[in-house]
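Peer 1: One structure follows; several queries about it will come next.
The values are calculated or read from the model by the stated rules, or taken from the named source; none is laboratory data. Because the structure is a prediction, the values reported are computed rather than measured. Cβ: placed from backbone, ideal geometry, glycine included. Neighbour counts: every protein chain shown.
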Amino acid sequence: MFQEINDWLMKRCGRITASEIYKIIGKGRSDNFSQTGKTYLMTKAAEMLTAEPVQKANTQAMEWGKAHEFEAMMRFEKEMGSDVQYFGGENPQFFEYHMYAGGSPDGIFGDYVVEIKCPYNQTEHLQHYLITDCDGLKDYAPEYYWQILANILFTGKKGGYFVSYDPRYEGKMQIKILKMEMDDILLDLELLEIRLNEAITLLEEIINDAEQRDS
C-alpha cells in the first residue's frame with residue numbers, strides 16, 4: 001500500500017495536476033499569469049529540480065474526506081446502478097498527459113470521470129446540493145470545476161460527474177450528483193488546454209533558466 005501511494009506521489013512531483021490546475025486559469029493585470037499561478041508554477045519547478053514533492057499540511061478536512069470517500073463511491077454506484085472503476089484509497093492512479101501535467105480522478109464510470117468531495121463543513125455540502133448546472137459549480141467551486149475538466153482532458157473521456165457526499169444528512173440529501181456533458185464544458189475545455197500549454201511553456205522556462213544559472 002505505502003509503495004503504491006509513494007509511487008503516485010512521485011508521479012505527481014513536478015507536474016501540473018488536475019486538483020490545482022485552477023491556479024493557472026486566472027490572468028494577472030500586466031502579464032500572462034496571476035501571482036497565484038506564478039507561485040504554483042515555481043513550486044512545480046522546485047519539485048522537478050529536487051525530485052521531491054513539496055510537503056503539504058494534513059488537515060481535519062482532508063482526513064474527513066479520506067475517511068468517507070469510499071462510502072461516497074459506494075453510494076454513487078447504488079444511485080447509478082452500476083460499478084465504478086475506483087482509484088481512491090490504496091489504489092491511486094495517475095494519468096500522465098504530458099511530462100509536466102497529469103491528474104488522478106477518483107474513478108471512471110463508462111466514458112465519464114468521477115470526482116468525489118466529502119466536505120468537512122456540512123454547509124458546503126448543502127451549497128453543493130443546491131447547484132443545478134455546470135455554471136453553478138464553476139461559480140461556487142471553480143477549483144472543483146476545473147479539476148474535473150482537467151481530468152476529462154487528461155483521460156480523454158467524454159464528460160464527468162461531480163459528487164458531493166455527507167452522511168450527516170438524511171435520505172437523498174446525503175449525495176449530490178451533477179453530470180457534466182461535453183456540450184456544456186467544451187469552450188472551457190478549449191480554454192483550459194490553451195492555459196495549460198502556456199503554463200507548461202513557462203514551467204520549462206523556469207527550469208531551464210535555473211539549470212543554466214547553475215552551469
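Peer 1: What's the total number of residues in segment 170-203 that are more than 19 Å from L137 (Cβ to Cβ) and in contact (Cβ under 8 Å) with a residue 12 or more places away in the chain?
Peer 2: Matching residues across segment 170-203 total 7.
Peer 1: Out of (1) in contact (Cβ under 8 Å) with a residue 60 or more places away in the chain; (2) of a type in the set (S, T, N, Q); (3) not in a loop (DSSP other than H, G, I, E, B), the odd one out for N91 is which?
Peer 2: So N91 meets the others, but not (3).
Peer 1: Considering only residues that are modelled with pLDDT of 95 or more, more than 22 Å from A45 (Cα to Cα) and among the hydrophobic types (A, V, I, L, M, F, W, C), look in segment 85-117 and name the one that is surrounded by the fewest Cβ atoms within 10 Å (Cβ to Cβ).
Peer 2: Among those residues, the one meeting the criterion is I108.
Peer 1: Also, I was wondering about something else. Taking R75 and the conditions (1) charged (D, E, K, R); (2) surrounded by 13 or more Cβ atoms within 10 Å (Cβ to Cβ); (3) without any contact (Cβ under 8 Å) to a residue 12 or more places away in the chain, which numbered condition does it fall short on, given that it satisfies the others?
Peer 2: (3)
Peer 1: Kindly provide the set of residues from segment 118-153 that are small (G, A, S) and either at pLDDT below 95 or under 28 Å from L203 (Cβ atoms) (or both), ordered by number. Spell out the reasoning first.
Peer 2: Filtering segment 118-153 for residues small (G, A, S) gives 136, 141, 150.
Scanning segment 118-153 gives A141, A150.
Peer 1: Scan segment 94-107 residue by residue and report those that are under 30 Å from E204 (Cβ atoms) and outside any loop (DSSP other than H, G, I, E, B).
Peer 2: Let us first name the residues in segment 94-107 that are under 30 Å from E204 (Cβ atoms), namely 94-106.
Once the filter is applied, which keeps residues that are under 30 Å from E204 (Cβ atoms) and outside any loop (DSSP other than H, G, I, E, B), segment 94-107 yields F95, E96, Y97, H98, A101, G102, G103.
Peer 1: Mind listing whichever residues of segment 78-125 are touching a strand residue (DSSP E or B) at 6+ places or on another chain (Cβ under 8 Å), within 22 Å of K172 (Cβ to Cβ) and among the small types (G, A, S)?
Peer 2: Within segment 78-125, S82, G107 meet the criteria.
Peer 1: Can you tell me which residues in segment 138-164 are outside any helix (DSSP H, G or I), over 13 Å from G103 (Cβ atoms) and not aromatic (F, W, Y)? Walk me through how you get there before you give the answer.
Peer 2: Our first condition is that a residue be outside any helix (DSSP H, G or I); within segment 138-164, this holds for 141, 156-164.
If we keep only those that are over 13 Å from G103 (Cβ atoms) as well, we get 141, 158-159, 161-164.
Hits for segment 138-164 are A141, K158, G159, V163, S164.
Peer 1: Considering each residue of segment 165-215, count those that are out of contact with any Asp or Glu (no Cβ under 9 Å at 6 or more places or on another chain), at pLDDT 95 or above and in a loop (DSSP other than H, G, I, E, B), and give that number.
Peer 2: 3
Peer 1: In addition: Looking only at segment 1-35, which residues are at pLDDT 95 or above and part of a helix (DSSP H, G or I)?
Peer 2: Scanning segment 1-35 gives A18, S19, E20, I21, Y22, K23, I24.
Peer 1: Please specify each residue of segment 43-61 satisfying the condition of being surrounded by 11 or more Cβ atoms within 10 Å (Cβ to Cβ) and either within 19 Å of the chain's Cα centre (by Cα) or part of a helix (DSSP H, G or I) (or both). So that I can check it myself, show each step before the final result.
Peer 2: Filtering segment 43-61 down to residues surrounded by 11 or more Cβ atoms within 10 Å (Cβ to Cβ) leaves 43-50, 52-54, 61.
T43, K44, A45, A46, E47, M48, L49, T50, P53, V54, A61, listed by residue number.
Peer 1: Here is a further query. Name the residues in segment 94-114 that are more than 15 Å from the chain's Cα centre (by Cα) and without any contact (Cβ under 8 Å) to a residue 40 or more places away in the chain, would you?
Peer 2: G110
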